[in-house]
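The values are calculated or read from the model by the stated rules, or taken from the named source; none is laboratory data. Computed from a predicted structure; not experimentally measured. Glycine also receives a Cβ, built like all others from the backbone with ideal geometry; neighbour counts cover every protein chain displayed.
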Amino acid sequence: MNLSCGITGFYDVKHKQPPGINGNEFKKICHSVAMITNGKMVHYKEPSETITSFYEAKLTVIDKEIYVLLNAYYPILAFASSVEYFNIMFIDEPSLVEHFSLYYNVISSDELNEPLLYKEKGGNLIIRNKNNLNNAELEQIRYWQPQTVGKVAFNFWD
């Protein structure tokens, strides 16, 4: 998975503000998918409600609760079995992929759990994973020290 410039929600004056996602559209899609799969949407949260880089919808489908997470800046979607402060358990949910992949790039748990590889060199942070991150994002990574690619794209940083 490429960590695109602005995926964390942080940017500096050299870079434009990252593109944004339409949260209302995401909410409608989640509600529709829940109905199609004979489930229901239990809750929906905007990034501003929880100081996150993602929208969050909790669906009940086939008697299990699934969190659907959408990056607030790029159309990157993930599924999780639980979402707690700084701890997201990413999962694959094949029964929902076909519905959401019509609108978003659904990322597998393997990609999201890929270790974030970085090192300091000459006072600079160098990320070895595929990325176009800006300096403001690199500073956040230095501070928060996420361990996986998923924790960069779906973060709780303020």
Could you please tell me which pairs satisfy a Cβ distance under 6 Å, a separation of 6+ or placement on different chains, a first residue in region 58-69 that is within 16 Å of residue 27 (Cα to Cα) and modelled with pLDDT of 95 or more, and a second residue that is outside any strand (DSSP E or B) and not acidic (Asp, Glu)? 59/34; 59/39; 60/39; 68/30; 69/154
What number of residues in region 1-51 are closer than 21 Å to residue 100 by Cα, within 17 Å of the chain's Cα centre (by Cα) and in a loop (DSSP other than H, G, I, E, B)? 9
Restrict the check to region 97-117 and report whether at least one residue is farther than 21 Å from residue 57 by Cβ and in contact with a Leu (Cβ under 9 Å, 6 or more places away or on another chain). yes
I'd like to check which helices (runs of 4 or more DSSP H) are fully inside region 86-158 and have at least 2 residues that are over 30 Å from residue 34 (Cα atoms) and over 14 Å from the mean Cα position of the chain (by Cα). 135-144
Right, residue 39: without any contact (Cβ under 8 Å) to a residue 60 or more places away in the chain and in contact with an Asp or Glu (Cβ under 6 Å, 6 or more places away or on another chain) or not? no
Out of curiosity, is residue 125 in contact with a Cys (Cβ under 7 Å, 6 or more places away or on another chain), more than 17 Å from residue 89 (Cα to Cα), of a type outside the set (S, T, N, Q) and surrounded by 14 or more Cβ atoms within 10 Å (Cβ to Cβ)? no
Scan 85, 74 and give me the residue that is farther than 20 Å from residue 1 by Cβ and touching a residue at least 60 places away in the same chain (Cβ under 8 Å). 85
Which of the residues belonging to region 19-50 are closer than 17 Å to residue 65 by Cβ, out of contact with any Leu (no Cβ under 8 Å at 6 or more places or on another chain) and surrounded by 12 or more Cβ atoms within 10 Å (Cβ to Cβ)? 31, 44, 45
Of everything in region 133-156 that's among the aromatic types (Phe, Trp, Tyr) and over 22 Å from residue 123 (Cα atoms), which residue is surrounded by the fewest Cβ atoms within 10 Å (Cβ to Cβ)? 156
Can you tell me which residues in region 146-156 are over 9 Å from residue 116 (Cβ atoms) and without any contact (Cβ under 8 Å) to a residue 60 or more places away in the chain? none
Lone unmet requirement of (1) surrounded by fewer than 18 Cβ atoms within 10 Å (Cβ to Cβ); (2) in contact (Cβ under 8 Å) with a residue 60 or more places away in the chain; (3) among the small types (Gly, Ala, Ser) for residue 53: (1)
